Amino acid sequence: MKPKESARPAGKQSAPQETTAFTLPAKQAAVNSLSEKIAQTRARRLERCPTLYRPLLARCYSRRASPREAVKAFCQECCGYDRRAITECTAYACPLWHLRPYQIEEAAP
Ligand code: SF4
């Protein structure tokens, strides 16, 4: 049986494919991808957040909240938006415990 002949002469490389679509540099594309991921994650979190607590969470996301407000938002999420649970939080080893909102003055050591 006779071997098949190649369509291309031996040793000749194929021409590089031309890309017609504009492609972002890899780093910029990664940044855009991360930004989209952050925006989508935050949008989902805001949807799940009770209406009363949304403005604070939105302020945190837009970098307008103070660190104290960010702690408050974190504790609210941690305790399922239950104010009393934050007041009575017994996670004494939590790094935010002294900073948590709704503390009763006498209870703080
Ligand atoms: S202090 Fe309590 S409520 Fe706040 S983040 Fe820590 S464990 Fe959660």
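Every number here is computed from the coordinates shown, using simple stated rules; none is lab data. Note that the structure is a prediction, hence the values are computed from the model and not measured. Reconstructed Cβ throughout: ideal geometry from the backbone, glycine too, with neighbour counts over all protein chains shown.
Write out the GluC sites (Glu not before Pro) in segment 49-91 meeting two conditions: DSSP loop, and at most 15 other Cβ atoms within 10 Å of their Cβ.
Answer in residue order: 88.
Using a 7 Å offset from the Cα along the Cα-to-Cβ direction at both residue 97 and residue 41, what is the distance between the two label points in nm, to one decimal?
Here the modelled spin labels are 2.8 nm apart.
If you bin every alpha carbon distance in segment 32-107 into 5 Å steps from zero, what whole percent lands in each bin?
3, 15, 24, 22, 17, 11, 5, 2, 1, 0
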